[in-house]
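All remarks here apply to the structure that follows.
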Amino acid sequence: MIYFYFPIKDTTIYEEDTSKNTGKDEILELIKHTSGSSRRADGSVYSETFNTRILMQFNYADLSASIGDGTIPAFSTGSSTSASAYLTCHVSREEAITDLETINVLPISMSGGNSWTEGLGREHNLNESGLAVAEQGASWTNSKLETSQTWGMLKDGTQNNNWATNSGGGTWHANDALSGSQDLTSTSGDVSIDITNGVGSHLDEVMLNDGWMVKRTDDGETNS
């Protein structure tokens, strides 16, 4: 039996536009503009590399209730009867995907009580100078623009973060066993990534549920 749960909040964060928020957009973007590429509308060339990342969070209340009443098996690592969890993303458009790329799904890690917010921004919220407008929500530099809360508040020693050009981009657990990944070598269209161990740790409260980050690998974000 397959059960579907949808995120309670999600947004894209942008390394190039570090204060940009698209929390109300229907589309999430995983994009890399490589230094030397000409992808701008005016045909100019990027002099630096910029990535986007996707943030999303799920409420596990219904899932926990279904496990409690026996509708869904418990998450038990190594058990043949364990439930499994997959993050599925439906592709609107894919472009210039190489066979060297891998998508990682990483559990976000923040200091307790300082979760990120979705925000009210959209892709084309621009001011008179053509710059992105964002007054609240998560961005590349801030987990909450409305309170100037940055991603720099780490809960313990288990976090990781990195970037290609501009510092920021969130913080996540470094434990690979709690993450998921999918190699794009033979993938086209929708992706489905196993995050069973991470969801199990959220449910067991071994790890706080701060949500998930979807990104390229560290090397995939910085190479040419």
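The values are calculated or read from the model by the stated rules, or taken from the named source; none is laboratory data. Everything numeric here is computed off the predicted structure, so don't read it as measured data. Glycine gets a Cβ as well: all are built from the backbone with ideal geometry, and neighbour counts include every protein chain shown. These area figures cover heavy atoms from the full protein model, side chains too; ligands, DNA and RNA do not enter into them. Shrake-Rupley method; radii C 1.70, N 1.55, O 1.52, S 1.80 Å.
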Discussion item. Looking only at segment 25-51, how many residues end up being over 15 Å from the mean Cα position of the chain (by Cα), of a type in the set (S, T, N, Q) and either open to solvent by less than 50 Å² (accessible area, probe 1.4 Å) or under 27 Å from Gln149 (Cβ atoms) (or both)?
Written reply: 4
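Conditions (1) under 21 Å from Lys9 (Cα atoms); (2) of a type outside the set (Phe, Trp, Tyr); (3) in contact with a Phe, Trp or Tyr (Cβ under 8 Å, 6 or more places away or on another chain), marked per residue:
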| site | (1), (2), (3) |
| --- | --- |
| Thr171 | yes, yes, yes |
| Leu184 | no, yes, no |
| Asp190 | yes, yes, no |
| Ile195 | yes, yes, yes |
| Val199 | yes, yes, yes |
| His202 | yes, yes, yes |
| Thr217 | no, yes, no |
| Gly220 | no, yes, no |
| Asn223 | no, yes, no |
Worksheet entry | Matching option when the condition is in contact (Cβ under 8 Å) with a residue 12 or more places away in the chain and surrounded by fewer than 12 Cβ atoms within 10 Å (Cβ to Cβ), among Thr98, Thr22 | Thr98
Worksheet, complete the sentence: Counting only residues in segment 1-19 that are hydrophobic (A, V, I, L, M, F, W, C) and in contact with a strand residue (DSSP E or B) (Cβ under 8 Å, 6 or more places away or on another chain), the one surrounded by the fewest Cβ atoms within 10 Å (Cβ to Cβ) is identified as Ile8
Worksheet item: Name the pairs: first residue in segment 42-62 and without any contact (Cβ under 8 Å) to a residue 60 or more places away in the chain, second residue outside any loop (DSSP other than H, G, I, E, B) and open to solvent by 10 Å² or more (accessible area, probe 1.4 Å), Cβ to Cβ under 6 Å, at least 6 apart or on different chains?
Response: Tyr46/His33; Thr52/Tyr14
Response to the item:
Taking segment 63-75 and keeping only residues that are touching a residue at least 40 places away in the same chain (Cβ under 8 Å), open to solvent by 30 Å² or more (accessible area, probe 1.4 Å) and either part of a strand (DSSP E or B) or not hydrophobic (A, V, I, L, M, F, W, C) (or both), one is left with Ser64
Practice prompt. Restrict the check to segment 52-62 and report whether at least one residue is modelled with pLDDT under 90, open to solvent by 60 Å² or more (accessible area, probe 1.4 Å), farther than 20 Å from Trp172 by Cβ and acidic (Asp, Glu).
Written response: no
Worksheet item: Has segment 211-221 got at least one residue that is assigned to a helix (DSSP H, G or I), under 22 Å from Lys20 (Cα atoms) and touching a residue at least 24 places away in the same chain (Cβ under 8 Å)?
Response: yes
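So that you can scan it fast, the table gives a plain yes or no per residue for (1) touching an Asp or Glu at 6+ places or on another chain (Cβ under 8 Å); (2) of a type in the set (A, V, I, L, M, F, W, C); (3) under 25 Å from His90 (Cα atoms):
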site	(1), (2), (3)
Ser167	no, no, no
Asn175	no, no, no
Gln182	no, no, yes
Gly189	yes, no, yes
Ser192	no, no, yes
Ile195	no, yes, yes
Response to the item:
Of the residues in segment 166-186 that are buried (at least 17 other Cβ atoms within 10 Å of the Cβ) and hydroxyl-bearing (Ser, Thr, Tyr), the one that is modelled with the lowest pLDDT is Thr171
Worksheet entry | Restricting segment 195-210 to residues that are assigned to a loop (DSSP other than H, G, I, E, B) and touching a residue at least 24 places away in the same chain (Cβ under 8 Å), the residue that is farthest from the chain's Cα centre (by Cα) | Asp204
